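Remarks on the structure that follows.
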């Protein structure tokens, strides 16, 4: 399955930048939870990967081991894409708006109760969490917020009260 972002480091740096912009520190565990939620919700919303990443079931919850190692001593000095694809960036902003203020404990409650994590954990520590299982766990939203609660289209009303979908203006290509 193709991915819309080149690598998981780009997404990790995006979240780290968001936390810096808000004047807070992004804990490594919180970053892992946000990455897992982003990948799962993106697959539900668009039926393709956000990033080429593999998540495993660790004692603390779902982990992307390469990012875990890269951020083990703080933010790594790497060259990343300054601009993510527009659709992916808007999506990640919505993930940050929805989950960025959550504590690590609250995010762990959400991620560790998913069937995808539980199934992988039963297979053993550091067992891979299949993308199809992630999609199933978040698609039906029995223990997680529904996709509509995470990625909301901007709806406004006309003066008569009729709902209209609002999109940013893009000039026609000639």
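Observations, loosely collected:
- Förster radius 25 Å - calculated FRET efficiency between residue 24 and residue 81 (Cβ-Cβ, nearest 0.05): 0.60
- In this simple spin-label model, placing a label point 7 Å from the Cα along the Cα-to-Cβ direction at both residue 97 and residue 157 gives a separation of 1.9 nm.
- Across the stretch 1-70, the relative contact order, built from alpha-carbon pairs under 8 Å that are at least six residues apart, equals 40 percent.
- Between helix 8-21 and the chain: long-axis angle, C-alpha atoms, 0 to 90°, nearest 10: 70
- The simple Förster model, with R0 at 22 Å and r as the Cβ-Cβ distance, assigns residue 139 and residue 89 a FRET efficiency of 0.45.
- Read-out Rg and Dmax of the Cα atoms in Å, derived from the coordinates shown; its label in (i) 17.0, 58; (ii) 15.0, 44; (iii) 23.1, 89: (i)
- Axis of helix 28-46 versus longest Cα principal axis of the chain: the two differ by about 50°, to the nearest ten degrees.
- With contacts taken as Cα pairs under 8 Å at a separation of at least 6 residues, the stretch 8-165 carries a relative contact order of 26 percent.
Throughout, read-outs are computed from the coordinates displayed, never taken from laboratory work. Since the model is a prediction, treat every value here as computed from it, not as a measurement. We place every Cβ from the backbone using ideal geometry, glycine too, and count neighbours over all the protein chains shown.
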